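Asker: To start, I am sharing the structure in question, which I have written as C-alpha cells.
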Amino acid sequence: MLSYRHGFHAGNHADVLKHFVLIELLNYLGQKDTAYTYVDTHSGAGLYSLDTGYAMKNAEYETGIGPLWERDDVPAALQEYLNLVKGMNPSGKMRYYPGSPYCANEVMRSQDRLRLFELHPSEIKILSENFRKLEAHKAEQGERQTVRGKRIMINAGDGFEGLKAILPPPSRRGLVLIDPPYEVKDDYRRVKVCLEDALVRFPTGTYAVWYPVLSRIESKQLPERLKRIPANGWLNVTLSISGPTPDGFGLHSSGMFIINPPWTLEATLREVMPYLVRVLGKDVSAKFEIESGETETVRMKGPVRAPVRPLADRSNRADQRPGRPAVEGSARPQVGSLRTKAGVAPSRNTGAGANRDVGPGKRVARPANLSKARSR
C-alpha cells in the first residue's frame, strides 16, 4: 500500500516530538570532529506547504507547530527546533514545514553524509526536486562542497532493505531514523527485524524509531518488543495531547524509541516534555512518559532480566561507565500530565520518579483528525 501522503499531517504534535528529538541526537553527534552518517529510511517529500494543498485539509499543524509559533517562553533546548522551522519562513508567516531530511540537513555539517530512502513514487520525485533546488540555491550563494564524495544520496526504494547496504557507515558513527507509515500491520514487525539486523552490522550506532500510540495491539506491543532487542541501552518517550476519541480515529499520542541514546537526552526530555504537555495539551488526559533501561549485549543467548531500578537511581550508577556490561530492565517511567482547576489528573505512576505538576495547559481550538496515524 502506498496511499500515505505526509502532507496531510505535516507540523502536527507528532512532528514536533520527532523533529525536536532528531535535532538533539544530531547535535550530540556533531560534538566530535569525526564525520557521521544520517540515514532516513522513510524520508517523505522533505518539505511541506502549510497554507496550500494537503496540509489545509485538516490543518493538523494547529496541534503542533502552530501553538508554538508565537511563544516567547520556549525552553532553550526546544528553541533550536523552533528557530530551524522559522528559518524556513523568513517572512515570519508560517507557510512551510521541514520534514526529517530538511531538519537533518540544516543541523549537519559539510563533512557529514545524508542517505535518504523513499518508496512512494510521487514523494521521491518531490524529495529529489526539493534537494536539487536547495543545492542550486547554495551554489548561487557561493557555497561549494569541500569534501570528497556525494554528501546527499537519495534512493528510490524500500528503506528497510536499503539500510543493509549502508551499515556500518565508513566513519563508524551514525544515526538511523526509522519512520514507516504503519499503513499495514507488517510495518511493526519489520521495524523490529530491521533493528535486530542493523545492530548486528552496526552495534554502536544510534537508532530512533517513531511510532503512533494507538489502540491496535501491534502499536501497544512495539515498544515492549524493542526493549528486548540486545543493545547498550534504550530510551522511550511518548507525548499525548488528549485522550483517545470514542470512535478510535485520529492520532492523539506518539512516541520516539531510541536505541543507544546519548546520555544527555534523558535530562533534556525531562525539561522540555512538561512544557509541550502544557502548551499542546487539549484536555486532562494530556501527558508525557519517559522510560529508560539497558539490555545485555549478548547475541547468542537471550537477554537476562534484572530487577526494576528507579529512574532516580540512574544518575550516579557506576555501571553507566563505558565498558561496563549492562543488563536488561526498564526503569520506572516518569509521567507528566496536564493540571486542571480541579487538580492534577491521575497518573499511572505515583512513585518517586513521577512528575505531574507541569502547569496549566493550553487548549487547541481545532482538534486533530488523522485518518491514518503516522508522521514523517
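Here, each number is a calculation from the coordinates, and none is a lab measurement. What you see is a predicted model, and the numbers here were worked out from it, not measured in a lab. All Cβ positions, glycine included, derive from the backbone under ideal geometry; neighbour counts span all protein chains shown.
Asker: Which loop-located GluC sites (Glu not before Pro) does region 35-97 contain, where loop means any DSSP state but H, G, I, E or B and the Cβ has at most 16 other Cβ atoms within 10 Å?
Answerer: Numbers: sites: Glu60, Glu62, Glu70, Glu80; in loops: Glu70.
The qualifying sites are Glu70.
Asker: Ser49 versus Arg109, label points 7 Å from Cα toward the beta carbon: distance in nm?
Answerer: Reported label-point gap for Ser49 and Arg109 is 3.7 nm.
Asker: Give me the number: length gained by fully extending Arg216 to Lys86, i.e. 0.36 nm times residue separation minus the C-alpha to C-alpha distance, one decimal in nm. Before the final figure, lay out each step's value.
Answerer: Numbers: separation 130, 0.36 × 130 = 46.80 nm, distance 3.56 nm.
In short, 43.2 nm is gained.
Asker: Taking the Cβ of each residue in Tyr28, Tyr182 as the centre, tally the other Cβ atoms inside 10 Å and list the residues starting with the fewest.
Answerer: Working: Tyr28 18, Tyr182 23.
Ordered by Cβ neighbours within 10 Å, fewest first: Tyr28, Tyr182.
Asker: Quote the Stokes-Einstein diffusion coefficient, in whole µm² s⁻¹, for region 9-74, based on the Kirkwood radius over alpha carbon pairs, a temperature of 37 °C and a viscosity of 0.692 mPa s. Display every interim value, and only then the final one.
Answerer: Working: Rh = 13.8 Å.
Value of D from the Cα-based Kirkwood radius: 237 µm²/s.
Asker: As an exercise, identify the chymotrypsin sites (Phe, Trp or Tyr not before Pro) in region 230-298 lying in DSSP coil whose Cβ has no more than 16 other Cβ atoms within 10 Å.
Answerer: Working: sites: Trp234, Phe249, Phe257, Trp263, Tyr275, Phe288; in loops: Phe249, Trp263.
Those satisfying the criteria are Phe249, Trp263.
Asker: Treat the count of other C-beta atoms within 10 Å as a stand-in for reagent exposure and order Ser219, Ser43, Ser100 from fewest to most. Intermediate values should be presented prior to the final figure.
Answerer: Values: Ser219 19, Ser43 30, Ser100 25.
Ranking Ser219, Ser43, Ser100 by Cβ neighbours within 10 Å, fewest first, gives Ser219, Ser100, Ser43.
Asker: Which of Lys185/Lys220; Lys164/Lys192; Lys192/Lys220; Lys150/Lys192; Lys192/Lys227 have a Cα-Cα distance over 18 Å? Present the calculation step by step, with values, prior to reporting the outcome.
Answerer: Working: Lys185/Lys220 12 Å; Lys164/Lys192 14 Å; Lys192/Lys220 14 Å; Lys150/Lys192 30 Å; Lys192/Lys227 10 Å.
The pairs that break the limit, which is 18 Å between Cα atoms, are Lys150/Lys192.
Asker: Okay, moving on. What distance in nm lies between label points placed 7 Å from Cα along the C-beta direction at Arg225 and Asn27?
Answerer: Placing both labels 7 Å along Cα→Cβ, they lie 3.3 nm apart.
Asker: Moving to a separate point now. If you rank Leu239, Leu50 by fewest surrounding Cβ atoms within 10 Å, what's the result? Before the final figure, lay out the partial values.
Answerer: Working: Leu239 28, Leu50 23.
Ordered from fewest to most neighbouring Cβ atoms within 10 Å, Leu239, Leu50 come out as Leu50, Leu239.
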